[in-house]
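A.B. asks: The following block contains the structure, expressed as structure tokens.
The values are calculated or read from the model by the stated rules, or taken from the named source; none is laboratory data. Model, not experiment: these values are computed from the prediction. No Cβ is skipped: glycine too gets one built from the backbone with ideal geometry, and neighbour counts run over all protein chains shown. Side chains are part of the model used for accessible areas, which takes the heavy atoms of the whole protein and leaves out ligands, DNA and RNA. Shrake-Rupley method; radii C 1.70, N 1.55, O 1.52, S 1.80 Å.
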Amino acid sequence: MGKSFDLFAFAYGAARAVRNGLTVSLFATAAFAAPVTIAALGDSLTAGYGLPQDEGFVPQMQAWLDEQGAEVTLLNAGVSGDTTAGGLSRVDWTLTPDVDGVLVALGGNDYLRGLDPAVSQGNLDQILSKLDAANVPAMLIGLRAGTNYGTDYALSFNGMYDALAQSYDVPLYADWFTGLRAVDLQANLQADGIHPNAAGVKLIVADMGPAVLEFVNSLTAD
């Protein structure tokens with residue numbers, strides 16, 4: 001999705017001194033949920049390809065979460081053109097000390113290129129394994145393939161997200177485009193017929209937001 005040389009940026013917030021700990025004063029001791037930082041590891045859908053900076057997925061999801069009162073900073077770790085292999089190559093340096101959780105939203109470019117779902121699943125498996133080893137919770141965001149490569153391909157591709165979510169016991173949002181499929185998919189895409197326009201991103205965020213908020217709350221509850 002998109003071109004691999006598209007610009008991308010990380011907007012890392014200020015490092016926190018404490019993570020989900022206790023704040024102690026001379027007069028009282030109280031537990032506070034520290035703000036959390038979540039990296040969105042993905043491709044052009046995450047990066048906001050073709051949109052003004054404030055209309056992409058990460059800024060719109062951040063605004064939605066802010067409206068819900070969530071104490072979270074969402075980092076844009078999306079790179080246009082990235083496959084699951086590209087995400088795997090970046091996961092280690094995405095895990096900066098301030099990252100408390102990761103949204104793993106990869107696979108779209110694998111699908112567009114017709115890559116073997118078994119290879120894609122293996123890459124996602126390694127990403128989730130690295131996050132698990134680092135004790136960084138993950139949420140998996142899938143993408144539903146059509147039957148243009150055949151029914152068997154679609155079943156394998158779509159099934160890999162369910163299998164991985166069960167294997168690693170991580171929350172799964174099954175299809176990035178659910179919020180668009182419920183209304184008019186094509187009307188909410190850019191001219192390339194692949195990437196959502198700003199209105200489409202808003203619909204995606206409205207549908208996906210509650211699942212992301214639940215993930216955020218799971219991090220602050222520890």
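A.B. asks: Output the qualifying pairs, or none if there are none: Cβ atoms under 6 angstrom, residues six or more apart or on different chains, first residue in region 182-197 and in contact (Cβ under 8 Å) with a residue 24 or more places away in the chain, second residue acidic (Asp, Glu).
C.D. replies: Going by the 6 Å Cβ cut-off, there are no qualifying pairs.
A.B. asks: Within the group Tyr149, Tyr49, which residue is out of contact with any strand residue (DSSP E or B) (no Cβ under 6 Å at 6 or more places or on another chain), over 18 Å from Tyr173 (Cβ atoms), without any contact (Cβ under 8 Å) to a residue 40 or more places away in the chain and not aliphatic (A, V, I, L, M)?
C.D. replies: Result: Tyr149 is the single residue among Tyr149, Tyr49 that is out of contact with any strand residue (DSSP E or B) (no Cβ under 6 Å at 6 or more places or on another chain), over 18 Å from Tyr173 (Cβ atoms), without any contact (Cβ under 8 Å) to a residue 40 or more places away in the chain and not aliphatic (A, V, I, L, M).
A.B. asks: Please tell me if Ile194 is in a helix (DSSP H, G or I), β-branched (Val, Ile, Thr) and out of contact with any Lys or Arg (no Cβ under 8 Å at 6 or more places or on another chain).
C.D. replies: So Ile194 fails the test.
A.B. asks: Can you give me the number of residues within region 44-68 that are open to solvent by less than 50 Å² (accessible area, probe 1.4 Å) and either of a type in the set (Gly, Ala, Ser) or under 17 Å from Asp192 (Cβ atoms) (or both)?
C.D. replies: So the count comes out to 9.
A.B. asks: Take Asp132 and decide whether it is open to solvent by 60 Å² or more (accessible area, probe 1.4 Å), assigned to a helix (DSSP H, G or I), touching a Ser or Thr at 6+ places or on another chain (Cβ under 7 Å) and touching a residue at least 12 places away in the same chain (Cβ under 8 Å).
C.D. replies: Criteria not met by Asp132.
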